[in-house]
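Take a look at the structure set out below.
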Amino acid sequence: MSELKILIVDDSLFFREVLARGLNANLSGAVQIEKAGDPFEARDKILSFDPDVMILDVEMPKMNGIEFLRRLVVQYALPTVVLSSRPAYKNLALEVGAFSFVEKPSTTLGSGDFMKVVADEVQKAKDNAEQLIKDMQKKAAETDINRPAPVVPPAPMAPPVTPQSIVQSAKKLENSTIVYSPISTQAGNGELKGNPAIVKSNLSKVMANMKIMAEAVRDIKKQSGRPEPVPISMDQVKIPVPPRKVELIAIGASTGGTEALSQILKALRPPLPPIVIVQHIPPMFSRLFSERLNNECEIRVKEAADNDRLEPNCAYVAPGERQMRVKNTGGIFTLDVNPGPKYGGHCPSVDVLFESVADNIGDRAMGVILTGMGEDGAKMMLKMRQRGCVTIGQDEASAVVYGMPRVAFELGAVMQQVPLSGMATVITTIARQ
């Protein structure tokens, strides 16, 4: 199979990195990828790289993608897949010669596999290149380059790459690179439908896409020029002493959290109090993630369900698109797990879980906040600490994204920062005091 050469043109550094990694993961055979941040850079790359297919954003500085493609068709017949978060651009893109149009994922969870869809469109464009080129050449012959260009609202200038801009750019994709599988949930009960084998096989793809995003964030952080954070050694960690015996452990995580949780839970050994977890993860896959952990860990791991009674040596993972709260009825801890609404843009939300722990368990609980973008969990972890809970947060050096734990630390919600490698030891030590 011949090498497939792809040029990605997008003003978002994060999006280019994630898309390149996603295409490599979803395309078979040899793939070579070049990237450009604007149409002028793309023009030079077309000449030097000679791509088979171009992936083109619409809203970019210097020149929008629609105008660039309209001018490009006259000189080069290059099969192009246009991407935009605004579906209104679809007809414009197709009119000026795009092979296809794919809507970019929004900031909310989507049901489509964006990476796979783009990879499929790229492969189709390559497979049909000969006919596409003939069609584009015909269109070019009919194109009047002097006619008024399609009206596309101007895009703002791209901001410089900073640690803050990395987080803001990544936030747009945090929950969106989801692998599609032929499954759905029955209305109201969240039950899986479809071939279970296909559903389970897609979990590894979901995890792979999350890993792709985490690796892209790490690489971009290195490119930002910011000094590497100094790791916290375990010799520096002062393990907090709980005021009372810990009867519940509450953990919150987001980007990079699936890897962090896997490392922590696999290292935990009974006896331990119940553990409740909110990880920002798509619906349905929270169950598959829980099942995988259950097979890998000594403690039991399950997807949480409404009215679950919390048992020792068991971890409960909040389902996607469900808010999870802890209830305390006469010293018996149970779960309230029900649909939304979102809190701070999240469902499940770490803040929702932590607030219920602060209100209903108080100083008999421990709070743990791990890697993640944004600030979910920080405010209510402070409330937990104010109610007497022991609270710990992941340190900057070991966090894929030092967002949630940073905000919690700066608010004074975190009593001690801990490296990921020592997190299971610290949790166990506190829980057994």
Legend entry - Spatially proximal aspartates and glutamates relative to residue 383 (Cα-Cα < 15 Å; intrachain offsets below 8 disregarded): 351, 355, 359, 363, 375, 410
Inset, instruction - Could you let me know the centre-to-centre spacing of segment 347-399 and segment 14-53, using Cα atoms, in angstrom? - result: 40
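Treating only the Cβ atoms of Lys and Arg (+1) and Asp and Glu (-1) as charged, compute the dipole magnitude of segment 238-335 about its Cα centre; round to the nearest 20 debye. Write down the numbers at each step before the final one.
Working: 13 positive and 10 negative charges, 67 e Å.
I would put it at about 320 debye.
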Legend entry - Among the listed pairs 35/62; 238/302; 5/45; 90/126; 45/116; 5/116, those beyond 23 Å (Cα-Cα): 238/302; 45/116
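In segment 243-312, what percent of the accessible surface is made up of carbon and sulfur (1.4 Å probe, ligands and nucleic acids excluded)? Show your work: numbers first, answer last.
Values: 1130 of 2600 Å².
Roughly 44 percent, rounded to a whole number.
The values are calculated or read from the model by the stated rules, or taken from the named source; none is laboratory data. None of these values were measured; they are calculated from a predicted model. All Cβ positions, even for glycine, are placed from backbone atoms using ideal geometry, and neighbour counts span all protein chains on display. The area values use the complete protein model at the heavy-atom level, side chains included, leaving out ligands, DNA and RNA. Shrake-Rupley method; radii C 1.70, N 1.55, O 1.52, S 1.80 Å.
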